[in-house]
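Visitor: The structure under discussion is supplied below as structure tokens; questions concerning it will follow.
Readers should treat all values here as calculations from the given coordinates under stated rules, not as data from a laboratory. Predicted, not measured: the structure shown is a model, and the values here were computed from it. So basically every Cβ, Gly included, is an ideal-geometry build from the backbone, and we count neighbours across all protein chains shown.
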């Protein structure tokens, strides 16, 4: 796989330069291939979102696990769950533990479901 994504253009109407080449072997284990890209992107996004903000709409504030529960805290917790889940896929831990620890797979799926649910909120 080769991906080259240019900077956002200064003119709002201009298109961003994007070049993507997908090889046959990239799709053999597409979940792993995409996780290799998504994991570090989420880590960087989490660092940036500490400063720039978070989505409040649709976040169930009753599920906070930390003592203080504000929108930013909850968002950081959800990002941590997403990051952990993708890390499990990148390191192949998910394939090693999926059958022997059912709770483990539930936790992995939770992070992946959060990623899908809040996909459109992944911007700063």
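Visitor: Would you kindly compute the Cα radius of gyration of the chain and its largest Cα-Cα separation (Dmax), both in Å?
Guide: Spelled out, the Cα radius of gyration and Dmax of the chain are 16.8, 53 Å.
Visitor: Next up: For the peptides 22-35, 107-120, 3-16, 80-93, what is the packing order when you average, over each peptide's residues, the other Cβ atoms within 10 Å and list the highest mean first?
Guide: Per-residue Cβ counts within 10 Å, averaged per peptide and sorted highest first, yield 80-93, 107-120, 22-35, 3-16.
Visitor: What full-extension length gain, to one decimal in nm, is calculated for residue 16 and residue 4 as 0.36 nm per residue of separation minus the Cα-Cα distance?
Guide: Taking residue 16 through residue 4 to full extension adds about 3.3 nm, to one decimal.
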